[in-house]
1. Read through the list (1) β-branched (Val, Ile, Thr); (2) farther than 23 Å from Glu33 by Cβ; (3) crowded, with 17+ Cβ neighbours inside 10 Å, then give the number of the only condition that Thr149 fails.
2. Restricting to region 71-100, give me the number of residues that are out of contact with any Gly (no Cβ under 8 Å at 6 or more places or on another chain) and under 26 Å from Ile51 (Cβ atoms).
3. Restricting to region 163-176, give me the number of residues that are surrounded by fewer than 14 Cβ atoms within 10 Å (Cβ to Cβ) and touching a residue at least 12 places away in the same chain (Cβ under 8 Å).
4. As an exercise: evaluate Ile204 against (1) surrounded by fewer than 19 Cβ atoms within 10 Å (Cβ to Cβ); (2) at pLDDT 95 or above; (3) of a type outside the set (Phe, Trp, Tyr) and give the number of the one condition it does not meet.
5. Please indicate, with yes or no, whether at least one residue in region 127-137 is among the basic types (Lys, Arg), under 13 Å from the mean Cα position of the chain (by Cα) and surrounded by 15 or more Cβ atoms within 10 Å (Cβ to Cβ).
6. Please determine, by comparing only the residues of region 111-124 that are over 30 Å from Ile50 (Cα atoms) and surrounded by fewer than 16 Cβ atoms within 10 Å (Cβ to Cβ), which one is modelled with the lowest pLDDT.
7. Could you tell me how many of the residues in region 120-129 are without any contact (Cβ under 8 Å) to a residue 12 or more places away in the chain and either among the aromatic types (Phe, Trp, Tyr) or part of a helix (DSSP H, G or I) (or both)?
8. How about region 35-94: which of its residues are touching a residue at least 60 places away in the same chain (Cβ under 8 Å), among the acidic types (Asp, Glu) and surrounded by fewer than 22 Cβ atoms within 10 Å (Cβ to Cβ)?
Amino acid sequence: MTVLYLTRHGQTEWNLEGRFQGQKDSKLTELGEQQAILLGERLDDVELDIIISSSSGRAYRTAELIKGRKNIEILANDQLKEMNIGDWEGQIIKEIEEHSPDEYHCFWNRPDLFKPCGGETFGQLYERVTQEIEKIIKIYKGKKVLVVTHGVVLRTLITYFENKDIKDLWNGTYMNSTCLNIIEINNNERRFILQGDISHWENIVSCS
């Protein structure tokens, strides 16, 4: 059986500022680093075979902190980077809602109809990340693999594994920083045994 452990990067400076990140990057906050360390401690008893991380700095740093002193290879993967949201990247979310209300509404409510300005559609993101996850499943058959990626990518992968339509992408558990998702894969059967779990946050007073 192949087991995928899927998580999102820790909290970043732009998360705190309320900015869309996309494929641009910002550093983890002190809290974000703590979130990653706690997830690493939670996974201490899991004998991971490989860590595959989005090549974005915030995700790769999260992977390093989860790894800690464990003797596990981290592979950077460009195909697991966050959705490219074009001109919106780096902008304050509230300002986007003001100057592009229709597209902002589509982004969160009808992702199948979202038309980016210079970036990817949800359909293009879906093709990119689902093709890559299938490659990972094939290469690491029978292994335990930790994938460190991003919020929209995670919701896209969950949509894929649950055979849902893109329009329903946001229907489900919110992907908080360093949340843990676990999916077991046995031939053609794919079954989530955990989604969006943040119980490793229990010793943190405030997280986001």
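1. The one condition Thr149 does not meet is (2).
2. Selection size over region 71-100: 11.
3. The qualifying residues number 2.
4. Unmet condition: (2).
5. No, that holds for no residue.
6. Among those that are over 30 Å from Ile50 (Cα atoms) and surrounded by fewer than 16 Cβ atoms within 10 Å (Cβ to Cβ), it is Cys117.
7. Going through region 120-129 one residue at a time, the tally reaches 2.
8. Glu41, Glu47, Asp49, Glu89
The values are calculated or read from the model by the stated rules, or taken from the named source; none is laboratory data. As the structure is a computational prediction, the values presented were derived from the model and not from experiment. Here Cβ is always computed from backbone atoms with ideal geometry, including for glycine, and neighbour counts include all displayed protein chains.
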